[in-house]
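Below is one structure, written out as structure tokens, with a few remarks after it.
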Amino acid sequence: MAVLIDGKKISAQIKEECREKAARYREQGIQITLAVVQVGKDPASTVYVNNKKKACEYVGIRSLPYELDENVSQEELLALVERLNQDSAVNGILVQLPLPAHIDENKVIYAISPEKDVDGFHPYSVGALSIGLKGYVSCTPAGVIQLLKRTGIEIAGKNCVVMGRSNIVGKPMSMLLLRENGTVTVTHSKTENLKEITRQADILVVAVGKPRFVTADFIKEGAVVIDVGIHRNADNKLCGDVDFDSVKEKAGAITPVPGGVGVMTVAMLMCNCIASVEINERA
């Protein structure tokens, strides 16, 4: 039976550390401020935005909400982003994705100043990560690294397989594992002999966007399995990309859904907000 990697416990630790750092900054007269922009009222986005606001309140970060109509023009949204870029009181800017179809998400991401890109999505942030410079790291992959480290799981020298190559998870995940001296393989929809590759993994990170896609025959005995996916099953219960019930019997350690990776994303956003003070000072 696999050891459960407790994302709730670890995320609480990280938020507490951020809370202490934010308090020290306030003692110096620095109030960290995050601007949160939501376009439309997508229910899932509203849940995520509310979770981020609650985390800000707990940590001691001021949250500036901007709730825009779903029909807002791309030009109006870009103008708001530029105003926030120029506002010295704003440390970080978060535009909740996805955006309505008439808005080019890439243009909005690229418009955010790299110094305020607390989501870590800007090409400058991705480039800095790829060559080992300090900067913002995409929150979900950063959270996975913290889950591994704080559970005492060694990354250096291990065979690490990432399933999925998205810009938000798969690609930065592979670079972070490489930065921790893991030996990294990235698999995707065109990968041949997928199970042969995943069964070599000491650490398997699954971000394929398919409910319960990974079953026990994908992994080797004792592997660490990190499930990034989140879905609703036919019974409206949350599940991941991993078939948890079968895989837990074979894995050495595994993240549950919920209570694993998902809660780490907001915790790492708080870390990026704390880091924004020094990043803005260097700009």
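The values are calculated or read from the model by the stated rules, or taken from the named source; none is laboratory data. Please read these numbers as outputs of a predicted model, since none were measured by experiment. In this analysis, Cβ positions are derived from the backbone assuming ideal geometry, glycine residues included, and neighbour counts consider all displayed protein chains.
Which of (1) within 18 Å of Ala44 (Cβ to Cβ); (2) without any contact (Cβ under 8 Å) to a residue 40 or more places away in the chain; (3) surrounded by fewer than 16 Cβ atoms within 10 Å (Cβ to Cβ); (4) of a type outside the set (A, V, I, L, M, F, W, C) is the odd one out, the single condition Lys195 does not satisfy?
(1) is the only condition that Lys195 fails.
Do we find a residue being free of Cβ contacts under 8 Å to residues at least 40 places away in the same chain, surrounded by fewer than 15 Cβ atoms within 10 Å (Cβ to Cβ) and farther than 30 Å from Ala12 by Cβ anywhere in segment 47-63?
Checked segment 47-63: no residue is free of Cβ contacts under 8 Å to residues at least 40 places away in the same chain, surrounded by fewer than 15 Cβ atoms within 10 Å (Cβ to Cβ) and farther than 30 Å from Ala12 by Cβ.
Determine whether Ala223 is buried (at least 22 other Cβ atoms within 10 Å of the Cβ), out of contact with any helix residue (DSSP H, G or I) (no Cβ under 6 Å at 6 or more places or on another chain), over 18 Å from Gly143 (Cβ atoms) and assigned by TED's automatic domain parsing to the domain that holds Thr151.
Details: buried (at least 22 other Cβ atoms within 10 Å of the Cβ): yes; out of contact with any helix residue (DSSP H, G or I) (no Cβ under 6 Å at 6 or more places or on another chain): yes; over 18 Å from Gly143 (Cβ atoms): yes; assigned by TED's automatic domain parsing to the domain that holds Thr151: yes.
The answer is yes for Ala223.
Can you go through Ile279, Ile203 and tell me which one is under 30 Å from Glu57 (Cβ atoms) and either in contact with a strand residue (DSSP E or B) (Cβ under 7 Å, 6 or more places away or on another chain) or touching a residue at least 24 places away in the same chain (Cβ under 8 Å) (or both)? Even if it seems obvious, please write down each step before you answer.
Details: Ile203 fails: under 30 Å from Glu57 (Cβ atoms).
Criteria check complete, one pass: Ile279.
Collect the residues in segment 17-44 that are more than 20 Å from Asn91 (Cα to Cα) and free of Cβ contacts under 8 Å to residues at least 24 places away in the same chain, keeping them in residue-number order. Lay out the reasoning, then the answer.
At the first step, the residues of segment 17-44 found to be more than 20 Å from Asn91 (Cα to Cα) are 39-44.
Those that are more than 20 Å from Asn91 (Cα to Cα) and free of Cβ contacts under 8 Å to residues at least 24 places away in the same chain: Pro43, Ala44.
Take the residues of segment 77-89 that are surrounded by 14 or more Cβ atoms within 10 Å (Cβ to Cβ) and not aliphatic (A, V, I, L, M): which is nearest to the chain's Cα centre (by Cα)? Show your work before the answer.
Here is the first cut: in segment 77-89, the ones surrounded by 14 or more Cβ atoms within 10 Å (Cβ to Cβ) are 77-78, 80-81, 84-85, 87.
Remaining after also requiring not aliphatic (A, V, I, L, M): 85, 87.
Working: Asn85: 22, Asp87: 26 Å.
Within segment 77-89, the match that is nearest to the chain's Cα centre (by Cα) is Asn85.
What single numbered condition from (1) in a loop (DSSP other than H, G, I, E, B); (2) more than 19 Å from the chain's Cα centre (by Cα); (3) surrounded by 14 or more Cβ atoms within 10 Å (Cβ to Cβ); (4) not charged (D, E, K, R) fails to hold for Ile155?
Result: Ile155 passes all but (2).
Determine, yes or no, whether Gly127 is small (Gly, Ala, Ser), within 22 Å of Cys273 (Cβ to Cβ) and in a helix (DSSP H, G or I). Full working, then the answer.
Details: small (Gly, Ala, Ser): yes; within 22 Å of Cys273 (Cβ to Cβ): yes; in a helix (DSSP H, G or I): yes.
It is true that Gly127 is small (Gly, Ala, Ser), within 22 Å of Cys273 (Cβ to Cβ) and in a helix (DSSP H, G or I).
Can you pull out the residues in segment 227-254 that are in a loop (DSSP other than H, G, I, E, B) and in contact with a helix residue (DSSP H, G or I) (Cβ under 6 Å, 6 or more places away or on another chain)? Spell out how you get there, then give the answer.
Here is the first cut: in segment 227-254, the residues in a loop (DSSP other than H, G, I, E, B) are 228-230, 233-237, 240-241, 243, 248-252.
Listed by number, the residues that qualify are Ile230, Lys250.
Scanning segment 127-166 for residues that are in contact with a strand residue (DSSP E or B) (Cβ under 8 Å, 6 or more places away or on another chain) and small (Gly, Ala, Ser), which turns out farthest from Lys15 (Cα to Cα)? Walk me through how you get there before you give the answer.
Taking segment 127-166 and keeping what is in contact with a strand residue (DSSP E or B) (Cβ under 8 Å, 6 or more places away or on another chain), we get 144, 147-148, 151, 153, 155, 157-165.
Remaining after also requiring small (Gly, Ala, Ser): 157, 164.
Numbers: Gly157: 30, Gly164: 28 Å.
Out of the qualifying residues, it is Gly157.
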